[in-house]
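Coordinate-derived values only; no laboratory data. Since we're looking at a predicted model, the values are computed, not measured. In this analysis, Cβ positions are derived from the backbone assuming ideal geometry, glycine residues included, and neighbour counts consider all displayed protein chains.
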Number of protein chains: 2
Amino acid sequence: MNVAHLVCLDCQREYSLDDPRWRCDCGGPLDIRYFPVFDISNIWERPPGMWSYREALPLKADAQMVSLGEPLTPLVPLKISGREVLMKQEQLFPTGSYKDRGVSLLISHLKSIGITDIVEDSSGNAGASMAAYAARAGMRCRILVPEGASAGKLTQIRAMGAKLQSVRGNRQAAADAAVQLADSLFYASHAWSPFFYHGTKTIAFEICQQLGWRPPEVLILPVGGGSLLLGAHIGFKELKQAGFISRLPRIIGVQAENCNPLARIFNSTDPTGDLPADFLPLPTIAEGIAVSRPIRHRQVIAAVKESKGAFISVSEAEIQGTYKNLLHRGFYVEPTAAATIAGVESFIRLYPDPRGVIASVLSGHGLKVQPV
Amino acid sequence: MNVAHLVCLDCQREYSLDDPRWRCDCGGPLDIRYFPVFDISNIWERPPGMWSYREALPLKADAQMVSLGEPLTPLVPLKISGREVLMKQEQLFPTGSYKDRGVSLLISHLKSIGITDIVEDSSGNAGASMAAYAARAGMRCRILVPEGASAGKLTQIRAMGAKLQSVRGNRQAAADAAVQLADSLFYASHAWSPFFYHGTKTIAFEICQQLGWRPPEVLILPVGGGSLLLGAHIGFKELKQAGFISRLPRIIGVQAENCNPLARIFNSTDPTGDLPADFLPLPTIAEGIAVSRPIRHRQVIAAVKESKGAFISVSEAEIQGTYKNLLHRGFYVEPTAAATIAGVESFIRLYPDPRGVIASVLSGHGLKVQPV
């Protein structure tokens, strides 16, 4: 890894990578500026999975790696609407979701700069992942959740020894409360930290490796805050810059119709690129992507545009139908994962005969929820 | 793969591998007699995991492979009582337990001989796995469970579209009821079918591959029916026969003190090698290994003896303590997995300074149960 910096996406101010900050002084979100190194010959000598791309991850000392054993998630063919789609089994991570990619790198980084106490807001998979990796690193961890968050995932967070704190109000209220605590505890936000999506970018590395160092033509991903989509896009770009692949896949972001701010911005003619102030989300069973005000919305929209991609919104009825169908085919996933596959079905309806490889992901384990 | 046969362990009668039978006419359990082929050069060109050892698995046609994407489960170092132990993360299989190794091969075989309807008795992980792989293969699946079986795992079985049938009485009553149905449905028993442990044997292949084609000195495994232990032992023997390793690891089987028939037989002086008729198991939170009358007890005892291993029994208090400790270190497993690690702690107390590599497994996912 070369010299790396944190850089503000709004004002371009730079900070040292070791600066224990979660955003720019101007309030803008931070990115990481650096040029990753790839050494494919090394990859084969290492245990497969995200840490086999060690040189491409912005972490200085190997000794700081915090890992629970992140498998190379299989890429499994599944017939969807008559078309073979390669499904990346991201539900097979230690805590049952792809969030472990981001959290493993983020907690490793925080450990490397001496952080011992973290706070995070989440009502689901990110919180469970943070609790597990903090426990593995020996850090104290506090997770703030909105009232009425789903009981099963809270059990998982509590089981890992994290301190769980319920906040009156909605998801945003929990985030605001976490910021309040950021003076005494490090705000290890998966939405704010660029280390999170520099962990999730390894999904792109793995998919290309699994396809013999070729990107798929189309990659269909669930989008809430956008950290998986951003990570994937950055991962493909880094592989292209390094000369391993010659083009980017078209990235299709899937949102629930009931909570689709990014799809609305993408398809809107409003030149500000902002979400209309009167946007009001409705409840969705795809709780993992129910993010009404994504922090990195500009970055996500730009990534999808650069990839010549698009957004697809799926209805609750479509998600329910696909969910049942996936379970009955042996894939035990949570409803959020079914939303993605409902998006794949939509995509194949819109483009009945797309050329090349279509890849997608199953994002969260079925054991996390009790199926209806 | 060479020509293979089913062979009875009691009367040595042989049957064709394609014979759709679950036991010998004499009532004895069947084994598979054949000489597996290994081609390590091929392994590296394939997706990592159990099916990369394709030639060593007794399945004729590739087209019959029924897979949900079985990852190469990571081998993660964990300090236990001051000693580093390598923990195989078997909870990261598609249905949340190592059973998928056995079931993936078993269902593949059944598909290859034209079976379309199966029945199995289970109250937990094997049933969930069977339901998932049957769904993937398009088979109809019926799972018989004893009254009062744990609700979480039943939800998982039902979600996959399997027909769930509650049987009055205990675990043995469910097994008896399954046998009753074996005239009209194929009895796909993970306890009876040798294909099951010819699937689980891949854990030995993977561990050796991960250690640079060396076996560990000691392998500590949970034992209920013994299918993981038998599989591991057979896997190491096959690697030794093929010349890839020069010795077998010492296998330590861990049972719950409250239900430890194999440990009792192993340590008994009774020359019959049978369980005393008055043996009465007590309840244990390690439900995955609560098998009071294991069908293959002679085979399991012989395997542990051949490996110069032993049995360790752990108390409920030890399991509870280790369970909480594992969760607080970030490993989200079910109580049965904690029993194994309590056994590892016992082993290290008994042999404070064993030479070489100690390996063990985390067998089932924490998401399967609600932690206490």
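Which of rounded, prolate or oblate describes the stretch A:135-194 when judged by the alpha-carbon gyration tensor and an a/c cut-off of 1.5?
In terms of gyration-tensor shape, oblate.
How long is chain A along each principal axis, judged by its Cα atoms, biggest number first, in Å?
Cα spread of chain A along its principal axes, largest to smallest: 53, 51, 43 Å.
Under the definition of partner shielding as Cβ atoms of other protein chains within 10 Å of a residue Cβ, what is the mean value for peptide A:327-340?
Other-chain Cβ atoms within 10 Å of each residue's Cβ, averaged: 4.
I'd like the mean, over residues of B:85-91, of how many other protein chain beta carbons sit within 10 Å of each residue's own Cβ.
The shielding value for this peptide is 2.
I'm a student and want to see the number: the projected area of the Cα convex hull of the stretch A:163-222, averaged over all directions, in nm².
6.2
Run through the other copies and list how far each one's label point is from that of residue B:298, in nm with one decimal, shortest first; the point sits 7 Å from Cα along Cα-Cβ.
7.6
Could you tally the net charge around residue A:169, taking each other residue with its Cβ under 13 Å from the Cβ of residue A:169, Lys/Arg +1 and Asp/Glu -1?
Charge balance near residue A:169 sits at -1.
Does the stretch B:268-372 classify as rounded, prolate or oblate by the C-alpha gyration tensor (a ≥ b ≥ c root eigenvalues; a/c under 1.5 gives rounded; else a/b over b/c gives prolate, otherwise oblate)?
Because a/c hits 1.5 or more and a/b fails to exceed b/c, the stretch B:268-372 counts as oblate.
Quick one: with label points 7 Å out along Cα→Cβ, list the inter-copy distances for residue B:79 in nm, shortest first?
Label point to label point, same position, other copies: 5.3 nm.
Sorted by average packing, counted as other Cβ atoms within 10 angstrom per residue and highest first, what order do A:12-18, A:282-288 take?
Result, highest mean Cβ count within 10 Å first: A:282-288, A:12-18.
Quick one: go through the stretch B:343-358 and flag any residue whose amide nitrogen is under 19 Å from the point 7 Å out along the Cα-to-Cβ line of residue B:267.
Residues passing the 19 Å test: B:343-352.
Treating the Cα atoms of the stretch B:234-323 as identical point scatterers in vacuum, please give the log10 of the normalised Debye intensity I(q)/I(0) at q = 0.18, 0.22, 0.25 Å⁻¹, two decimals.
-0.85, -1.08, -1.24
Quick check: Cα centre of the stretch A:248-276 to Cα centre of the stretch B:297-338, how many Å?
Cα centroid of the stretch A:248-276 versus Cα centroid of the stretch B:297-338: 50 Å apart.
I need the trypsin sites (Lys or Arg not before Pro) found in the stretch A:207-252, filtered to DSSP loop residues with at most 16 other beta carbons within 10 Å of theirs.
The qualifying sites are A:247.
Under a plain spin-label model, where a point goes 7 Å from the Cα along Cα-to-Cβ, how far apart in nm are residue A:274 and residue B:351?
Modelled inter-label distance: 6.8 nm.
Taking every pair of alpha-carbon atoms in the stretch B:1-114, give the share separated by more than 16 Å as a whole percent.
Pairs farther apart than 16 Å: 68 percent.
Take the alpha-carbon centre of the stretch A:93-146, take the same for the stretch B:13-40, and report the distance between them in whole Å.
Between the Cα centre of the stretch A:93-146 and that of the stretch B:13-40, the gap is 48 Å.
Tell me the distances, shortest first, between residue A:158 and the same position across the other copies, using label points 7 Å along Cα→Cβ, in nm to one decimal.
Computed spacing set for this position: 2.4 nm.
Expressed in nm to one decimal, what extension gain is obtained for the pair residue B:151 and residue B:242 from 0.36 nm per residue of sequence separation less their Cα-Cα distance?
Going from the current span to full extension adds 28.3 nm.
Which of the helices in chain A, when you take each full DSSP H run, stretch at least 15 Å along the axis at their Cα atoms and have an average Kyte-Doolittle score of -1.0 or higher?
The qualifying helices are A:99-112, A:125-137, A:227-241, A:316-328, A:335-350.
I need the P(r) histogram for the stretch B:57-190: all alpha carbon pairs, bin width 10 Å from 0 out to the longest distance, whole percents.
Pairs per bin, as whole percents: 13, 39, 30, 14, 4, 0.
Considering only the other residues whose Cβ falls under 9 Å of the Cβ of residue B:215, what net charge follows from Lys and Arg at +1 and Asp and Glu at -1?
So the environment of residue B:215 carries a net charge of +2.
Counting partner chain Cβ atoms within 10 Å of every residue's Cβ in B:42-49, what's the average?
2
Taking amide H positions as placed in the peptide plane 1.01 Å from N, state which residues far from residue B:164 in sequence (5 or more) or on other chains have amide H under 5 Å from it.
B:143
Can you bin the protein assembly as shown into rounded, prolate or oblate? Criterion: square roots of the alpha carbon gyration tensor eigenvalues sorted a ≥ b ≥ c, rounded for a/c under 1.5, prolate for a/b above b/c, oblate for the rest.
Since a/c reaches 1.5 and a/b is larger than b/c, the shape of the protein assembly as shown is classed as prolate.
Taking only C-alpha pairs under 8 Å that are 6+ residues apart, what is the relative contact order of chain A in percent?
Answer for chain A is 16 percent.
First select every other residue whose beta carbon is under 11 angstrom from the beta carbon of residue A:187; then total the charges, Lys and Arg +1, Asp and Glu -1.
Spelling it out: positives minus negatives among the neighbours equals -1.
Which loop-located GluC sites (Glu not before Pro) does the stretch B:127-235 contain, where loop means any DSSP state but H, G, I, E or B and the Cβ has at most 14 other Cβ atoms within 10 Å?
For GluC sites (Glu not before Pro) across the stretch B:127-235 that sit outside H, G, I, E and B with at most 14 neighbouring Cβ atoms in 10 Å, the list reads B:147, B:217.
At a Förster radius of 51 Å, what calculated FRET efficiency corresponds to the Cβ-Cβ distance of residue A:5 and residue B:317, to the nearest 0.05?
0.45
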